[in-house]
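Below is one structure, written out as structure tokens; comments come after it.
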Amino acid sequence: MGRYREDPARIRSLVQPDRVHRDVYLDPELFELEMRRLWPRAWIYVGHDSQVPKAGDYLTVEIAQQPLVMVRGTDGAVHVLFNRCAHKGSRVVSATSGNCRGQFRCPYHGWTYRCDGSLRTVPLKSGYAGTAFQESSAAQGMTRIANVAIHRGFVFARFSDQGLSFEEYFGESLTSIDNMADRSPAGRLEVTGGVLRYLHQCNWKMFIENLNDTMHPMVAHESSAGTARDLWKDQPPDAPKPMVIEQFVPFVSNYDFFDRMGVKIYDHGHSYTGVHFSIHSKYAGIPEYEARMVQAYGEERAHAILAESRHNTVYYPSLTIKGAIQTIRVVRPLAVDRTLIESYTLRLVDAPEALLERSVMYTRLINAPTSVVGHDDMHCYGAIQQGLAARGNEWVSLHRNHTPAEADQIAGSYNGTSEVSMRGQFRAWASALAEVEEQP
Amino acid sequence: MSDAKVIDRAATDEAMSDRAVTDEALVDFVYHEARLIDEKRLDEWYELFTEDGLYWMPLTRGQPEGPAHTSLFYEDRLLLQVRIQRLRNPNSFSQSEPSWCQHVLQAPRVQTRSPCGSRFVLRTPFFYAESQRDQQQIYAGVAWHHLVLRGEALRLRMKKVELLNCDAALPSIQLFL
């Protein structure tokens, strides 16, 4: 019996309007409660449907301690199944991805399942005659998650039967995914070019918070982006900028730049920075791409799509996307102080290859275990995870630009350096954690 | 791109050398290159690369060369310079406690020599340790050195590092394998 499980009031007391208690990052019991109360009731990103293009294609993933398989059925529909044999509980599918050729087969006793999880065959079935097998959960097969939604190829699942509908949960925040997909002349995205898997020695919320934290780049990334800026500073102003310089240098823009960039807050913890412009706004144009966009959408609409330059959009708690550069980072909590961040690159279907090359370079420069930008972020997360143990101050400050008016409504547009996105995330967090889950 | 193609592409712009480069000289280059990294003599290391030099660590097995697939490293000289200068920046917070590394190389083998005698590919299995105070990571892999003769000197056109666990979830790797 822990301190928090039976005590919603105590959980609520950890999140105050302008600060949070350190236990939210340190306490293993709260991590367990997140995995039971927050993640299962939220809509969690599972994968992209371009990763399972053909019938029988699957990928396996573990999310919030749940082994899952996402599979394209024979009817073309994408299913998300719990990756557990209905018999003795073995994980049925062990490969990261593949094609199941019409059925999954458990490696232990050979029970087979259709792509929708239903039980297909059991060896020597006569042994179950006269038993309660048919009425038991074993006969139901691999449990299929009922609540699955696909938006522009992004597959989300809500593990619990309880919770908001997909549309209620994400609302207008889905416009960030729309803008990323609309940047393809065909309106479609494809995951391509491999996945960067970066192990973070920190609580998952530190990573999520950092994505809309605009007060850190000019400090934490001064050594990387600042070095790139200094290496380039003697070049004439009209010298064509290598992509590296174009991508690194905006990270060390000044406070005024990030403040004017703006941040947009939605309910349930979602938000994005770059309401008016962003660090991606000044990339050199690619005329062939712009021509294809105009051809596909018409002049006005094409320019409206490309004028958006959102920085990071947070789909709380599992996904962050960068629409303007077509990369996404997926958050997989492993333990209270361990998180896996997986970074994927998306191809804009029918766009010139140069767009993909830009995205590939960006994700390697910024999101990789070998990224100099990532190293300094990771260093800070680890330092927080350690530093929070210090006695004398149990609170983490989220005061920047706080106003009492947020109590009534937090959704809206704010100045870019406000910590309002983090306050919004913790509001969603507290409301989920303080709601005792249904038994079991 | 296959190793052979890399050689073909460059063979035309390379003058014939009148003296054959010995295997020993090629192998010594590989040992020297690793030692420069381990001893943090990174300016000397940087100078080993040709103007179009590339330091490449693929993300997947059998990954084709080129900018259309994500890599762990795909660094031209400009990016290498950013990394080297950053390591010396007092505000490189992830290096406020510095990392150190050690290569342990299996004997390098000369895999190919171009017909004109100025391009070489060597294969070197290795272990690599990177430590930072109480944390030590150990990696294994194969390094491919694509060397060219520039005048009398051997230079590095590409170092390709095939990491054994390239598909694993990895912590920060801060130096050079």
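The numbers here are math on the coordinates, done by the rules we state, and not lab data. In this text, all values refer to a predicted model and were calculated from it rather than measured experimentally. FYI the Cβ positions are ideal-geometry reconstructions off the backbone, even for glycines, and counts take in every protein chain you see.
Scanning segment B:52-97 for residues that are free of Cβ contacts under 8 Å to residues at least 40 places away in the same chain, in a strand (DSSP E or B) and either more than 7 Å from chain A (Cβ to nearest Cβ) or under 18 Å from A:GLU246 (Cβ atoms) (or both) yields B:TYR74, B:GLU75. Looking only at segment A:415-424, count every residue that is assigned to a loop (DSSP other than H, G, I, E, B) and either surrounded by fewer than 13 Cβ atoms within 10 Å (Cβ to Cβ) or among the small types (Gly, Ala, Ser) (or both) and tell me the total. So the count comes out to 2.
Within segment A:159-189, take every residue that is in a helix (DSSP H, G or I) and small (Gly, Ala, Ser) and give me the one that is surrounded by the fewest Cβ atoms within 10 Å (Cβ to Cβ). Only one residue tops the list, namely A:GLY171.
Scanning segment A:351-361 turns up no residue that is away from chain B (no Cβ under 14 Å) and of a type in the set (A, V, I, L, M, F, W, C). Every residue in segment A:236-288 that is away from every other protein chain (no Cβ under 14 Å), aromatic (Phe, Trp, Tyr) and surrounded by 20 or more Cβ atoms within 10 Å (Cβ to Cβ), please. Matches in segment A:236-288: A:PHE258, A:TYR266, A:TYR272.
Please work out if A:LYS282 is under 20 Å from B:ASP76 (Cα atoms), among the charged types (D, E, K, R) and either in contact with a Leu (Cβ under 8 Å, 6 or more places away or on another chain) or in a loop (DSSP other than H, G, I, E, B) (or both). When the stated conditions are applied, A:LYS282 does not pass them. Summed over segment A:70-111, residues that are among the polar types (S, T, N, Q) and in contact with a Ser or Thr (Cβ under 8 Å, 6 or more places away or on another chain) total 5. Starting from residues that are closer than 16 Å to B:ARG123 by Cβ and in a loop (DSSP other than H, G, I, E, B), keep the ones in segment B:154-177 and report whichever is nearest to the other protein chains (Cβ to nearest Cβ). Among those residues, the one meeting the criterion is B:LEU177.
A single member of A:VAL372, A:VAL360 is over 29 Å from A:ARG188 (Cα atoms) and among the hydrophobic types (A, V, I, L, M, F, W, C), and it is A:VAL372. Just one of the listed residues (A:LEU365, A:LEU355, A:LEU346) is over 27 Å from A:TYR255 (Cβ atoms), of a type in the set (A, V, I, L, M) and in a helix (DSSP H, G or I), and it is A:LEU355.
All of A:VAL24, A:VAL52, A:VAL15 fail the test of being of a type in the set (A, V, I, L, M) and farther than 20 Å from A:PHE426 by Cα, apart from A:VAL52.
In segment A:374-414, of all residues being in a helix (DSSP H, G or I), more than 14 Å from chain B (Cβ to nearest Cβ) and in contact (Cβ under 8 Å) with a residue 60 or more places away in the chain, the one that is farthest from B:LEU170 (Cα to Cα) corresponds to A:PRO404.
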